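No value in this document is a laboratory result; all are computed from the given coordinates. Everything quoted here is computed from the prediction, not taken from an experiment. Cβ placement follows ideal geometry from the backbone for every residue including glycine, while neighbour counts extend to all protein chains displayed.
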Amino acid sequence: MVEDGDGDGDGDSGGGAAGRRLVRRFYLFQATRSVGFVSPVFALFVLRDLTFVQYGALSSLYAALVVASEVPTGYVGDRWGRRASMAGGVGCTALSLAGFVVADSFAGYAALYAVWAFAATFNSGSSDAWLYETLDEHLDGSEFTRVRGRAGAVERWTSVATMLVGGVLYGVDPRLPFAASVALSLPGFAVLWTLPDSRGDAAAASGDRPSALEALGVARRSFAEPGLRGAVPYVALLLAAVAAAGSYVQPIGVDLFRELLPASLSAVPEPSLLGAMYAAFTGVAAVAAGSAGAIERRLGVRGALLVVPAVPAVLMLLPPVALAAALPMFVARTAASPVVVPIAYGYVNDRVAAADAPDGDSTGSAGADAARATTLSAVSMVQGAVRTPLAFVAGVAAGAYGPTAAPALLGGVVLVAVAAAAVWNPVAGDGAAS
């Protein structure tokens, strides 16, 4: 596992040691969120019972439910506390994973995708709001990108180990990886108990809770702020397209093994090969996630959000022509999101307080904290809204032309967006990298 390395730039020495300890506990919580046991075999598991079109429809359903539930679950984090919302995410994750053990129909999978969507949305805004507020209080809010990136690296290094085991378990019984994932997720409740309240938790406990209209008002002002109204839809499109392409890694990987593997490895079960492949790619993603802060310092926010997504987008165009190109495409696609997410969400967090003080009054930060989870969840909602049609169209393309057509289509969408952003500059007020 990566070392937290939080001794660099931690600010005052009084709260530094305690801050570093709570950051390490947050890293441990992130480790329990890993679903590495099921990641390399999930598509194979579902496609035993469903067609590509049904699989694409489930991805669209998931994205649509994320759109519908992001803001309400984000408001739970503002109204009842960040940790309460995060606990809801742990519970929904365990419930959905357990359900896959017995599901065997489209309706059953659809119900589980719905619970999985709630798991994602309970965590999406609240965990980032908790981390930003806690760092701001105990260490330094400017550390968000670095700590968030390293937390993602911890989760991915955990996934590296569990992916290798998950492929083997699938070969024994396809249900075993899901049972193992439930066992890993449940300790998240115990780790959450050890985390302190953030400012938002304290405000919720004291009764200083925003109404739904007040929380939505902060989100509306944030989205109208010049630095966000273009950046949010742009980042949402990038993340939605890259995430939708991930649904086709496993079927493409199986074709890749059948075409390119030497005869000496032909007897190795495909789930085990997928587990090893996912573990290798996730290791690359963990290194990338841990480097998010350095990439932001080197390229700046705008440069990072142009360059990082463009690399996998170009590679996503190649597998329909040369299947061997799927291998570097998998690596680049897996590494892109762990870099983009902490940079983008750090950028959004920095502007929430400014949006709550439109006249330049710095005292607006308390109001921003009160509705921070709602605002961050609204950002994820936009991503889900974009992913819904993309996932369905990609599923249709895969059904008509094969699985490599889906990432190729999505890569083209990303390249068009990056080219437009290079001219349009939706990320306002970003300083040049030094």
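The table below lists the values:
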{"quantity": "Mean Cβ neighbour count within 10 Å, used as a protection proxy, ranking 144-150, 187-193 highest first", "calculated": "144-150, 187-193"}
{"quantity": "Stokes-Einstein D (µm²/s) once Rh is taken as the Kirkwood radius of the stretch 7-149 over alpha-carbon pairs, at 25 °C in 0.890 mPa s", "calculated": "146 µm²/s"}
{"quantity": "Packing rank of 230-237, 126-133, where each peptide gets the mean count of other beta carbons within 10 Å, highest leading", "calculated": "126-133, 230-237"}
{"quantity": "Volume of the Cα convex hull of the stretch 15-424, divided per residue and given in Å³", "calculated": "129 Å³"}
{"quantity": "Least to most buried among Asp350, Asp78, Asp104 (fewest other Cβ within 10 Å first)", "calculated": "Asp104, Asp350, Asp78"}
{"quantity": "Residue order, fewest to most surrounding Cβ atoms within 10 angstrom, among Leu44, Leu409", "calculated": "Leu44, Leu409"}
{"quantity": "The stretch 278-357: Cα Rg divided by the 2.2 N^0.38 Å rule of thumb", "calculated": "1.28"}
